[in-house]
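Here the structure comes first, spelled out in structure tokens, and everything after it is commentary.
Throughout, read-outs are computed from the coordinates displayed, never taken from laboratory work. Keep in mind that what you see is a predicted model, and the values were worked out from it rather than measured. Counting neighbours? That spans all protein chains shown, and the Cβs are built from the backbone with ideal geometry, glycine included.
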Amino acid sequence: MGAMDRAAPTITAVERRAGNEVMEKKLEELDKRMASLIKACESNNKAITELSDNTEGLLNAWAAVNGAVKTGVVIGRFIKWATGLSIVGVLFAYVAQKGG
């Protein structure tokens, strides 16, 4: 009894139909899961877009505030410099008046 004597297993039409039905059910389940995943991705994309749109104004406001703070620092430094210069000017004027 060699390899040639063995009969290949045969699949009956009923078994084939049953196998097809099982595969169709699995494919339908996969289609439903894929549709659910696509819907979730679309929902996430919409939420991300809304979040991006809503935070854009906040980021612009933050940049404006940050610019105002930097401007305030520059103005503060100028006032400090001008105050120091005026103190020096007053001292020179005082010395000039007392000396002359």
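Points worth noting:
- Charge context of Glu50, other residues only, Cβ under 15 angstrom, K/R +1, D/E -1: -2
- Principal-axis tilt of helix 13-99 within the chain, Cα atoms, nearest 10 degrees: 10 degrees
- Selected from Ile11, Leu30, Val88, residue furthest toward positive end of dipole (the range 10-99; charges at beta carbon): Val88
- Looking at the chain, the pairs of alpha carbons with a distance over 15 Å make up 83% of the total.
- Within straight-line reach of Lys25, meaning a Cα separation under 16 Å, sit the following aspartates and glutamates at least 8 residues removed in sequence or on another chain: Glu15.
- Whichever lysines have a C-alpha closer than 18 Å to that of Lys70, once near sequence neighbours (fewer than 8 apart) are set aside: Lys80
- Nearby aspartates and glutamates by direct alpha-carbon distance to Lys39 (threshold 15 angstrom, same-chain neighbours under 8 apart not counted): Asp31
- Within the shell of other residues whose beta carbon sits under 13 angstrom from the beta carbon of Met34, the net charge comes to 0, with Lys and Arg scored +1 and Asp and Glu -1.
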